[in-house]
């Protein structure tokens, strides 16, 4: 089931209350949707340039579907044309009291297209015959001329995006935030192609939608997943050379194959954050972490004033040797603000992962909490010995914190679900406290600026919620 916050989803209606599209709550009283949805709702001409007058009807289908609210058009795109669908954006201001559980989504600076390509998305729409809504999902393809981004449903069967989805928030299943709104879809019923206006485009038109970071209700927790990509895992498996790394891994593999784990290569993906620990079967590690964060937030949200926590996966920048400036900035800020490193024991055999972990020296810092997840149990003695030796070699400082100093923030050899979740429950909150103290202390920020030689932008994001 998609994890898009249902408390933020809006249905846009005509005067006769028939549904024409969707929208998403982006502040306490404001909804972002497509301008063409507003035009249809108000029954005005498609070439309308001036801001429309009149009230738009809408409701929150998951909260109070029988309570029709009214809104006026607060912001209208300056120009529109068939060649610039990227400006098909309007902001509605709700004039009545909302349901007590209505919750706006966070509006953050958008990811670039290269980061979004291949991301799983989900979106809900209200096409004809589906007044209660119907979900569609697929993957992000690429940008087209004019700034829209192509979406495609690659599943058979699966519901295609069509009329009635326009204005609906497109949910990023990895980072769990809204990455755009649906703008249009291919009219051919046999195709499953649609297009979204990315958040980046929306914020270019309405930059005031971004909250200042010091007003954010969330505390972002930087998280590094030290796991191989699928191509790195395949390289390690197929490389039969006589160098030390290959000999060591091949020896490990012989012992590992005595376990009851098969097809371990399928646990790796194009993205490190999508690694599937063996103990979770088909669950991605990023989803395990998100679920635990949401459990914590449900508890924190019971008391007013608590700031909620939000994971921010930075694995790509951490391991990216093509941009060493960005890499150094990430490493420096992790040391200053705190972070979590979650390592796959098998991936520690990969030479490039070893090299970067050693070079960063991240795991020696007291503000960095480290969890090593082992797919094996203690019955596979030889393979476990080799894993321990590898951990000692490439994560020496953090292993000493675990084995000699008995620091609870460093845990290795974990091979069961409850232990992983217990560790996450504790150290997501502990790291959030450090990040909040770092973010709210101007002296630490100034010190970091001086050390890095550049202005700090902060890993802490423009999001809602956090710890007190």
Among the candidates 10, 24, residue that is within 19 Å of residue 87 (Cα to Cα), part of a strand (DSSP E or B) and either touching a strand residue (DSSP E or B) at 6+ places or on another chain (Cβ under 6 Å) or not assigned by TED's automatic domain parsing to the domain that holds residue 78 (or both): 24
Within segment 28-43, residues being touching a residue at least 60 places away in the same chain (Cβ under 8 Å) and closer than 21 Å to residue 210 by Cβ number 7
Out of 58, 98, 69, which single residue is outside any strand (DSSP E or B), surrounded by 13 or more Cβ atoms within 10 Å (Cβ to Cβ) and at pLDDT 85 or above? 98
Count of segment 171-193 residues which are out of contact with any helix residue (DSSP H, G or I) (no Cβ under 9 Å at 6 or more places or on another chain) and either farther than 15 Å from residue 146 by Cα or modelled with pLDDT under 90 (or both): 10
Suppose we filter segment 158-170 for residues that are within 24 Å of residue 283 (Cβ to Cβ) and either modelled with pLDDT under 90 or in the same structural domain as residue 293 (by TED's automatic domain parsing) (or both); how many remain? 1
Regarding residue 104, is this residue within 22 Å of residue 310 (Cα to Cα), more than 14 Å from the chain's Cα centre (by Cα), in a loop (DSSP other than H, G, I, E, B) and assigned by TED's automatic domain parsing to the domain that holds residue 65? yes
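Going by what's in this entry, would residue 279 be described as assigned by TED's automatic domain parsing to the domain that holds residue 384 and more than 21 Å from residue 436 (Cα to Cα)?
Details: assigned by TED's automatic domain parsing to the domain that holds residue 384: yes; more than 21 Å from residue 436 (Cα to Cα): yes.
Spelling it out, residue 279 is indeed assigned by TED's automatic domain parsing to the domain that holds residue 384 and more than 21 Å from residue 436 (Cα to Cα).
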Please go through segment 317-335 and give me each residue that is within 20 Å of the chain's Cα centre (by Cα) and over 21 Å from residue 398 (Cβ atoms), ordered by number. 320, 326
Restricting the search to segment 308-323, which residues are out of contact with any helix residue (DSSP H, G or I) (no Cβ under 9 Å at 6 or more places or on another chain) and either on the phi > 0 side of the Ramachandran plot or in contact (Cβ under 8 Å) with a residue 24 or more places away in the chain (or both)? 312
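Residues that are farther than 20 Å from residue 289 by Cβ: list the helices (runs of 4 or more DSSP H) wholly contained in segment 313-369 that include at least 3 such residues. Working first, answer last.
Details: elements: 315-318, 324-337, 351-360.
Output list reads 324-337, 351-360.
Any residue at all in segment 27-50 that is in a loop (DSSP other than H, G, I, E, B) and under 23 Å from the mean Cα position of the chain (by Cα)?
First, pick out the residues of segment 27-50 that are in a loop (DSSP other than H, G, I, E, B): 27-29, 34, 43-50.
This time we only want the ones that are under 23 Å from the mean Cα position of the chain (by Cα), so: 27-28.
So far as segment 27-50 goes, yes, one or more of its residues are in a loop (DSSP other than H, G, I, E, B) and under 23 Å from the mean Cα position of the chain (by Cα).
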Hey, any hits in segment 321-340 for a residue that's within 27 Å of residue 139 (Cβ to Cβ) and in contact with a strand residue (DSSP E or B) (Cβ under 7 Å, 6 or more places away or on another chain)? no
Read through the list (1) at pLDDT below 75; (2) at positive phi, then give the number of the only condition that residue 384 fails. (2)
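Residue by residue, here is whether (1) touching a helix residue (DSSP H, G or I) at 6+ places or on another chain (Cβ under 7 Å); (2) crowded, with 17+ Cβ neighbours inside 10 Å holds:
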| residue | (1), (2) |
| --- | --- |
| 296 | yes, yes |
| 300 | no, yes |
| 325 | no, no |
| 328 | no, no |
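The values are calculated or read from the model by the stated rules, or taken from the named source; none is laboratory data. None of the values given here were measured: they were computed from a predicted structure. Don't worry about glycine lacking a Cβ; one is built from the backbone with ideal geometry, like all the others, and counts go over all protein chains shown.
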